[in-house]
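What follows is a short report on a single structure.
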Amino acid sequence: MRRRFARGAARPLRRMLRGGIPPLLVRSNELLASGQFAKGADGLEKLARAAEERGGRRAANLYLEAGRARIRAGQNAEGVELLKRGFGLLAASPFHHRLARAARRIVNELQERGLAEEAEQIVVHLGGIEPEPDTSAAGTAALRRPPLPTHCPGCGAPVRTDEVDWLDDVTAECEYCGSPVRAD
């Protein structure tokens with residue numbers, strides 16, 4: 001005999017699963033934290049492709065993080081391609097304002113690792129990198145934000161105070177899982 005659920009009984013379960021943090025994201029961030037960059041990048045790439053197919057807004061960030069992980073694993077060519085894909089999606093998204101800041105951060109990171117050729121590939125791909133925006137009146141509000149934890153308590157992804165969306169004066173949204181991240 002088959003069990004039948006009461007009408008709507010499965011909805012809370014579906015909602016919980018849909019709203020939860022993907023275990024693959026948590027596992028990938030754990031792998032990155034333990035220095036297993038290639039394995040972590042595999043998971044992030046899989047998540048990025050799935051998010052892109054769904055038209056998900058987090059695909060760009062996942063590609064950027066996967067690219068960084070590939071480069072840290074010594075897979076520079078693959079990493080640069082993932083970075084380019086992430087930057088392309090970011091440029092086409094409503095969050096395109098984050099592009100210059102993320103690009104500067106990643107190019108600086110590549111140069112610090114002695115990967116000048118890879119950094120130049122990114123600069124050329126983007127057609128140059130915009131100068132730092134004026135931080136006079138508009139930027140001072142961002143400077144007053146309290147410090148956030150360095151990693152999301154939900155998924156373990158890095159949190160960059162200058163690149164997150166702030167939900168209120170002390171809470172930001174994780175770029176990877178959407179969890180609220182509160183200032184300490």
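Details
- Mean sequence separation of contacting Cα pairs (under 8 Å, at least six apart), scaled by the length of region 139-184, corresponds to a relative contact order of 37 percent.
- The phi-based Karplus calculation (6.51 cos²θ - 1.76 cosθ + 1.60; θ = phi - 60°) puts the 3J(HN,Hα) values of region 105-110 at 4, 6, 4, 4, 4, 4 Hz, whole numbers, x for Gly and Pro.
- Most to least packed among 115-128, 39-52, 144-157 [average Cβ atoms within 10 Å]: 39-52, 144-157, 115-128
- Shape of region 23-129 from the C-alpha gyration tensor: oblate (a/c of 1.5 or more and a/b not above b/c, with a ≥ b ≥ c the square roots of its eigenvalues).
Read-outs throughout are calculated quantities, based only on the coordinates presented, and are distinct from any laboratory measurement. On a predicted model such as this, the values are computed, not experimentally measured, just so you know. Cβ sites come from the backbone with ideal geometry, for glycine too, and all protein chains shown count toward neighbours.
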